[in-house]
């Protein structure tokens with residue numbers, strides 16, 4: 001198995017509302033079959049899928065899917081982008097859980113909850129600069 005994630009699928013109660021939130025953040029949909037909304041990312045795709053259908057696909061009741069302790073992270077090129085993106089998410093309907101601020105390891109982070117309940121971290125890591133195309137690697141890309 002290669003060390004990569006190809007698709008992140010979020011089970012959401014209302015696909016149209018969830019898609020609208022991400023579109024307000026500036027993301028553009030990729031062509032996809034009815035019932036699925038996809039946003040191509042750099043080297044990955046984020047898929048929005050009806051929660052009930054996801055539970056059926058997995059073979060579990062919705063109540064067993066629960067709320068895992070997971071965050072989706074978006075790393076920025078600059079410190080200033082962290083607060084700006086949190087503001088944009090809040091304007092689109094997100095709840096800010098932690099405003100932008102410095103952390104012990106030397107970076108800047110903030111967290112929001114999307115309207116569908118998924119948790120996002122917005123971070124600037126000065127030790128992991130992004131590639132020119134925005135790709136992230138733990139120890140960064142040479143600039």
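Computed from the coordinates by the stated procedures, all read-outs in this text should not be read as laboratory data. Fair warning: this is a prediction, and the values are worked out from it, not measured in the lab. Using ideal geometry, Cβ is built from the backbone for each residue, glycine included, and neighbour counts are taken over all protein chains shown.
For the chain, the normalised intensity computed at q = 0.19 Å⁻¹ comes to -1.26 (log10 of I(q)/I(0), Debye sum over alpha carbons, equal scatterers, no solvent).
Note on residue 105 and residue 80: with the Förster distance fixed at 22 Å, the Cβ-Cβ geometry gives a FRET efficiency of about 0.70. Its relative contact order, with pairs defined as Cα atoms under 8 Å and 6+ residues apart, puts the chain at 20 percent. Using a simple spin-label model with pseudo-atoms 7 Å out from Cα toward Cβ, residue 90 and residue 5 lie 2.6 nm apart. With both labels modelled 7 Å from their Cα along Cα-to-Cβ, the residue 17 to residue 57 distance reads 2.1 nm. The C-alpha atoms of segment 1-60 occupy a region whose extents along the principal axes are 34, 31, 18 Å, arranged from largest to smallest. Ordering 127, 104, 21 from the fewest to the most neighbouring beta carbons within 10 Å gives 104, 127, 21.
Report the antiparallel proportion of the DSSP beta bridges in the chain as a percent, rounded to a multiple of 5.
About 60 percent, rounded to the nearest 5.
Using a Gaussian network model on the chain with a 10 Å cutoff between Cα atoms, which of 101, 117, 59 fluctuates the most? In the Gaussian network model the winner is 59.
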